[in-house]
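Everything below concerns the one structure shown next.
The values are calculated or read from the model by the stated rules, or taken from the named source; none is laboratory data. These numbers come from a predicted model, not from an experiment. Every residue, glycine as well, gets a Cβ built from its backbone with ideal geometry; the counts of neighbours run over all protein chains shown. Accessible surface areas use protein heavy atoms only, side chains included; no ligands, DNA or RNA. Shrake-Rupley method; radii C 1.70, N 1.55, O 1.52, S 1.80 Å.
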Amino acid sequence: DLNLRSVFSTDLSSVSYRGIVAAPEIAWRQGDLLKDGSRLRLAVGPIFATEEYMSYFYEVQDRYARPDRPAYSARAGYVGSRLQGSYRFPVTARFSLFAGARVDLLYGATNADSPLFRSDVNGAVLIGAAYSLYQSSQTVTLPGTLEN
């Protein structure tokens, strides 16, 4: 998989462009694990970002520098590597539950010297539910999906 994202931020009064993140992955998917229509996905890959993105998170302008937080000019490059997994469990043809986890390993990151860089490891866990409000009147059944 080749994930390429444009990043924006907002303070709810305006939207600002923050750069591009590229996160190619080698992914493995297994369908119909424990139940027809379920999907397990495991992936690993590096993350790279433009200077605009890196500056948003790691740059310290001279005017914000303090003795314990020196000025720092962020650079484009390697963000880290990501390991992630998820599992989707269909309850009905329209309703699914899902869970996942990811670990970002930031060892060797381009901006690891920034005073704003805090940890070489970051993790996240997610759980959720999805409901399909609309479905086409003409559907096809693909391998690893539920029939209507």
> Counting just the residues of the stretch 56-72 that are of a type in the set (Ser, Thr, Tyr) and open to solvent by 80 Å² or more (accessible area, probe 1.4 Å), which one comes out farthest from Arg118 (Cα to Cα)?
Replying inline: Tyr64
>> Can you tell me how many residues within the stretch 95-113 are open to solvent by 80 Å² or more (accessible area, probe 1.4 Å) and either part of a strand (DSSP E or B) or among the basic types (Lys, Arg) (or both)?
In response: 1
> Given the conditions (1) in a strand (DSSP E or B); (2) hydroxyl-bearing (Ser, Thr, Tyr); (3) out of contact with any Leu (no Cβ under 9 Å at 6 or more places or on another chain), and given that Ser81 satisfies all but one, which numbered condition is not satisfied?
Replying inline: (3)
